[in-house]
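The values are calculated or read from the model by the stated rules, or taken from the named source; none is laboratory data. Since the structure is predicted, the reported quantities are computational estimates derived from the model, not experimental observations. Note that each Cβ is placed from the backbone with ideal geometry, even for glycine, and that neighbours are counted across all protein chains shown. Accessible surface areas use protein heavy atoms only, side chains included; no ligands, DNA or RNA. Shrake-Rupley method; radii C 1.70, N 1.55, O 1.52, S 1.80 Å.
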Amino acid sequence: MKFFAILAIAAAAVVATGAQAQPYPSKPIRIVVAYPAGQGTDIATRYLAEQVSKDLNQAIVIDNKPGAGGNLGTELTAQAPADGYTLTMGTNATHALNQYLYPKLGFDPEKDFEPVVLVGTFPMVIAVNASSPYQTAAEVVAAARRDPRSADIAMPSTTARLVVELLKDRASVPLYGVPYRGAAAAMTDLIGGQLPVVVDTPTALRPHLAGGRVRAVGVTSSRPSGLVPGVRPVAEQGFPGFEVVAWNALYAPKGTPAAVIASLNASFNKVLARPETKQRLLELGFEPAGGTPAQLADFARSERRKWEPVIRNAGLKAE
């Protein structure tokens, strides 16, 4: 009798173990986007989620949790179960900059997350009104040397602020940045002639460039970007080594099983390698990336090392 009881317990344990060992993913995956619906990160994430869901044969749901410069949604993901069913689309703000801009975060961008894959990058663009005499970023800097207020720069984002601060540092010139809450107001003032220069994303600038109202004079990637064809990098205009890129990357809560991370990484890399995906992301304003979790970890770490002294020396704080 005792033998049969032990046998029954063992059989139940085998069944339970089998139930727990279901292949991943066995239910819908949630990707938290810490920004509003319709914003660039949200649009790109929704497109990729649709493609990856087909590869994984499982639904992927986007959950927008905006607030505090991306900190709210990122903190929620850090506190989620580490089972692979709650992920976040991190950015250079949430996983490299915010820890130096905010007095306190509810998460550690390195210790509280498992890197999955770098999804895409995009440079910032320095642009002027089409009637401006400036043809290059070097000419903007030269004008600021002659008269600092002649080259006031509209800054509609944290990344734009970093472009201005890094250019001030590398050029040793007193550039004046004017903060804006969003690209629309900054573009209105640029086109209206209230300010001579703006730093913004290729996506925000594209319709104005196409319409001939605005002219790009420099791109902040180290090499020419397919997102802004024909525009020379700032690094090639007398400021070698100058580089500012914004980026999106997929993260999971710390402790997520390695097999789950590997599965997600493989699916995203597979989708990112497709020609149609690359074309669509370029249209959305992103240069597709990819790579291993270790490469993402190294990249994000180098970004934090790069920007900490710039932010601290400039005394930048979240607004």
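Across the stretch 81-112, the number of residues qualifying as of a type outside the set (Val, Ile, Thr), buried (at least 24 other Cβ atoms within 10 Å of the Cβ) and closer than 14 Å to VAL32 by Cβ comes to 4.
Residues considered: GLY241, GLY212, GLY230. Of these, the only one that is farther than 14 Å from VAL141 by Cβ, without any contact (Cβ under 8 Å) to a residue 60 or more places away in the chain and part of a loop (DSSP other than H, G, I, E, B) is GLY230. Cβ separations smaller than 7 Å between residues 6+ apart or across chains give no pair from the stretch 268-294 residues that are hydroxyl-bearing (Ser, Thr, Tyr) to residues that are surrounded by fewer than 16 Cβ atoms within 10 Å (Cβ to Cβ) and modelled with pLDDT under 95. The number of residues in the stretch 263-319 being closer than 19 Å to PRO253 by Cα and of a type in the set (Asp, Glu) comes to 1. Quick check: is even one residue across the stretch 172-194 farther than 23 Å from PHE122 by Cα, out of contact with any Lys or Arg (no Cβ under 8 Å at 6 or more places or on another chain) and open to solvent by less than 30 Å² (accessible area, probe 1.4 Å)? No, the stretch 172-194 contains no residue that is farther than 23 Å from PHE122 by Cα, out of contact with any Lys or Arg (no Cβ under 8 Å at 6 or more places or on another chain) and open to solvent by less than 30 Å² (accessible area, probe 1.4 Å).
Taken over the stretch 169-189, residues that are part of a helix (DSSP H, G or I) and touching a helix residue (DSSP H, G or I) at 6+ places or on another chain (Cβ under 8 Å) amount to 4. So VAL116 fits all but one of (1) more than 30 Å from ARG213 (Cβ to Cβ); (2) modelled with pLDDT under 95; (3) aliphatic (A, V, I, L, M); what number is the exception? Against the list (1) more than 30 Å from ARG213 (Cβ to Cβ); (2) modelled with pLDDT under 95; (3) aliphatic (A, V, I, L, M), VAL116 comes up short only on (2).
Would you mind stating whether VAL245 is β-branched (Val, Ile, Thr) and closer than 30 Å to ALA184 by Cα?
In short, yes.
Annotation note: of THR220, THR292, the sole residue that is within 30 Å of ARG170 (Cα to Cα) and within 20 Å of the chain's Cα centre (by Cα) is THR220. Selection of the stretch 59-75 for residues being at pLDDT 95 or above, under 25 Å from ARG181 (Cα atoms), open to solvent by 30 Å² or more (accessible area, probe 1.4 Å) and not in a strand (DSSP E or B) yields LYS65, LEU72, GLU75.
Considering only residues in the stretch 195-209 that are touching a Pro at 6+ places or on another chain (Cβ under 8 Å) and in a helix (DSSP H, G or I), the one that is surrounded by the fewest Cβ atoms within 10 Å (Cβ to Cβ) turns out to be ALA204.
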